[in-house]
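> This structure is in structure tokens; I'll ask about it shortly.
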Amino acid sequence: MKPCIVLMGAQHVGKTTLGKGLAEKLGVPFYDTDQMVTKTFQKHICVFAAEGGQERYNWAETEMSKRLVAEYKNSAPISAVISTGSGFWADDTGIAELRKIGSLYWIDGDIELGAQRLMEEATTDPAKINPYLIKNGEFYNVYFSVPEVKKLEDIREHHLELTLPSLGVYESLADVVVRPGDASVEENVQLLYDSIVWDDKGERAAS
């Protein structure tokens with residue numbers, strides 16, 4: 001069994017929330033490669049991606065993956081939980097790196113809910129607003145390769161347009177597929193925990 005559980009999936013399907021919960025349950029560290037990029041380069045990940053494009057984004061995520069490989073390549077199972085960025089599916093080099101230390105768990109969440117979360121971030125509610133979705137008082141979706149969006153529905157449409165092609169790739173990459181339900185965070189963390197495939201002594205099989 002590999003040292004790490006690597007979570008992948010579309011944007012805003014719960015990778016970070018479930019990953020943190022799983023890491024806490026297992027008593028191991030949690031890493032988010034997007035957050036690692038933000039900390040390393042001192043730029044919010046969506047700004048970094050918007051300025052550098054997909055190639056630069058992939059390079060940065062791969063560099064973070066290499067750091068994790070160096071740290072955990074000789075570790076025992078399960079030593080860490082890693083959440084990848086939503087562009088992971090298009091990064092062959094990053095995928096190859098993390099496969100060295102981890103099994104890939106696809107969080108197959110509701111992408112419509114992901115779109116809804118993006119739309120909520122593009123509001124004027126100070127509790128929800130994401131400043132990286134607003135520019136000069138207008139919606140500016142720096143998560144995607146589009147110059148601007150004029151209304152909330154544009155955010156939803158662009159999100160779905162760019163996310164749908166990734167789903168088949170995630171499915172082909174996945175060692176384990178986890179489908180969170182309409183339940184509490186605690187229940188979905190338990191679902192993820194129960195999905196762990198322990199193949200060394202067969203303590204627990206996949207659900």
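The values are calculated or read from the model by the stated rules, or taken from the named source; none is laboratory data. Not measured: the values here are computed from a predicted model. Ideal geometry is used to build each Cβ from the backbone, glycine not excepted, and the neighbour counts take in all protein chains shown. Just the protein is used for accessible areas: all its heavy atoms, side chains included, with ligands, DNA and RNA removed. Shrake-Rupley method; radii C 1.70, N 1.55, O 1.52, S 1.80 Å.
> May I ask you to derive the FRET efficiency for Thr40 and Ala96 from their Cβ-Cβ distance with R0 = 22 Å, giving the value to the nearest 0.05?
Given R0 = 22 Å and the Cβ-Cβ separation, E is 0.60.
> For the full complex of protein chains and a 1.4 angstrom probe, list Leu118, Leu164 by accessible area with the highest value first.
Leu164, Leu118
> May I pose another question? With a 1.4 Å probe and all protein chains kept in place, how much accessible area does Ile78 have, in Å² rounded to the nearest 10?
20
> Pairs Lys25/Lys73; Lys20/Lys151; Lys39/Lys151; Lys43/Lys73: which are spaced more than 25 Å apart, C-alpha to C-alpha?
The pairs that break the limit, which is 25 Å between Cα atoms, are Lys20/Lys151; Lys39/Lys151; Lys43/Lys73.
> A further question follows. Subtract the Cα-Cα distance of Asp175 and Lys151 from 0.36 nm times their separation in residues, and report this length gain in nm to one decimal.
Net length gain for the segment: 4.8 nm.
> Same structure, new question: How large is the accessible surface of Ser75 in square angstrom, using a 1.4 angstrom probe and rounding to the nearest 10?
Its heavy atoms expose roughly 40 Å² to the probe.
> Could you pull the accessible area for Glu171 with a 1.4 Å probe, rounded to 10 Å²?
110
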